[in-house]
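To start, the structure under review is shown below, and the notes come after it.
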Amino acid sequence: MTALLYSLLAGLSTVFGALVFAICGQPGQKTLAALLGFAGGIMLGISVFELLPEAVDFGSLPIAATGFVLGALMMGLIDRILPHAHLSMEDHLVVENPDKLFPRRSNILRTGYLILFGIALHNLPEGLAIGVGLEISPELGLVVAIAIGLHNFPEGLAMAGPLTAGGLAIGKVILFTLLAGLMTPLGTLIGLLLTQISPIMIGASLAFAAGAMVYICNDELVPQANSMNSHMANAGLIVGLLVAFTLL
């Protein structure tokens, strides 16, 4: 129950990002850069300091290495096959692979579908990371959930800006972000089920989650943060690594 609560809160941070945009507008570049860098530092720290060593303890070095590579490969495959949305340094949404789904829909509606599917698919392995993290300790699960929540908040901003500017009602924007966020608890449930099979499966799941999070950090968080403000991004990254190292 605790795992699902943590993952629900992490997923709903996407909705929180959309609400903040609707009420206050988008935060400044420096703030977003520091936030993204901080989330990236925590994700890297969790993966290197905790998930991978625990994966070796529960399974073996080959199992951990295989799970890590599969986690990274799955995230890369999602990025290549399915559309995904993120913030750019010009403060607008960048949609990758925009013609993969719904090519005949109107631009605004199609963008909403693209965001929903892209971010929802990214949220599944993030939820899995929360589930397997809680199998190690409540503290680790909470830290993973916080890091993923920090990652999801800017994605809510990324959704809300162009959709509201294009005339989509804020209620529909919130619905899109809510549906995408609810995929995080689903991923957590999958992670909890996998870890009930055997200690080897726990090790493989931990390494898989680590690979997925390292990919997200290197492919999305760090480049986006650096494009906004490299100094604040580096500061956030360093602080995030230190926080992960201290807490774990």
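The values are calculated or read from the model by the stated rules, or taken from the named source; none is laboratory data. The structure presented is a predicted model; accordingly, all values stated were derived computationally and were not measured. Note that we place each Cβ from the backbone using ideal geometry, even for glycine, and neighbour counts take in every protein chain shown.
Descriptive notes on the structure:
- Filter pass, G191 being part of a helix (DSSP H, G or I), surrounded by 19 or more Cβ atoms within 10 Å (Cβ to Cβ), modelled with pLDDT of 85 or more and not hydrophobic (A, V, I, L, M, F, W, C): no
- Test for G25: is it at positive phi and surrounded by fewer than 24 Cβ atoms within 10 Å (Cβ to Cβ): yes
- A residue that is outside any helix (DSSP H, G or I), over 17 Å from the mean Cα position of the chain (by Cα) and modelled with pLDDT of 80 or more cannot be found anywhere in the range 44-52.
- Residues in the range 223-246 include at least one that is within 16 Å of P154 (Cα to Cα) and free of Cβ contacts under 8 Å to residues at least 12 places away in the same chain.
- Qualifying residue in the range 86-99 (condition: in a helix (DSSP H, G or I), modelled with pLDDT under 80 and surrounded by 15 or more Cβ atoms within 10 Å (Cβ to Cβ)): no
- Any hit, the range 112-135, residues being part of a loop (DSSP other than H, G, I, E, B) and modelled with pLDDT under 55: no
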